[in-house]
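What follows is one structure encoded as structure tokens, with my remarks underneath.
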Amino acid sequence: MAATTGPGWPALLPSTHEAAALASYRAGIAALVAGAPSARALLAEAVTIDPGFFLGRVGMAVGEVIAGRPYVPVTAATGLTRGERQHAEVVGTAFGGDPQHAADLRREHLLEYPGDLLIVWLPAVVRLA
């Protein structure tokens, strides 16, 4: 299922039932994209509220890379949506050293979820072919 962002663009609707976790995640991703120092704390807050929040964990992993640490893949949980699996695959492939495949996966994902801000922004932090 997708929510809309911007001019009606579908964005991922993460698998969390905690409104506060979703709000912290969205604020954290916006802060990450903006280069705000609060990004990692907001994403950590989202995962603290909902420890099973998979996309929150993926966002935290990206935040760690931005902070200069190596990428640590997030183990996929059960019950993820197709969009969540794609999102994580794009991120993992991008930081895993396969830029051409990551670029292909990103294009495919954004055809379905053009409002996925983290994936839209990803080439700003990692070179994709």
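The values are calculated or read from the model by the stated rules, or taken from the named source; none is laboratory data. If you're wondering where the values come from, they're calculated on a predicted model, not measured in any experiment. Heads up, the Cβs are rebuilt from the backbone with ideal geometry, glycines too, and the neighbour counts pull from every protein chain shown.
Residues in region 88-102 that are in contact with a Ser or Thr (Cβ under 9 Å, 6 or more places away or on another chain) and touching a residue at least 12 places away in the same chain (Cβ under 8 Å): P99, A102. Within region 59-75, restricting attention to residues that are free of Cβ contacts under 8 Å to residues at least 40 places away in the same chain and aliphatic (A, V, I, L, M), which residue is surrounded by the fewest Cβ atoms within 10 Å (Cβ to Cβ)? The residue in question is A67. The residues in region 76-120 that are buried (at least 18 other Cβ atoms within 10 Å of the Cβ), among the acidic types (D, E) and either at pLDDT 95 or above or over 17 Å from M60 (Cα atoms) (or both) can be counted, and the count is 1.
Matching residues to (1) surrounded by 16 or more Cβ atoms within 10 Å (Cβ to Cβ); (2) modelled with pLDDT under 95; (3) touching a helix residue (DSSP H, G or I) at 6+ places or on another chain (Cβ under 8 Å); (4) closer than 21 Å to G92 by Cα:
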site: A21; (1), (2), (3), (4): yes, no, yes, no
site: V33; (1), (2), (3), (4): yes, no, yes, yes
site: R40; (1), (2), (3), (4): yes, no, yes, yes
site: V47; (1), (2), (3), (4): yes, no, yes, yes
site: G52; (1), (2), (3), (4): no, yes, no, yes
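A single entry from L110, L122 fulfils the requirement of being touching a residue at least 12 places away in the same chain (Cβ under 8 Å) and not basic (K, R): L122.
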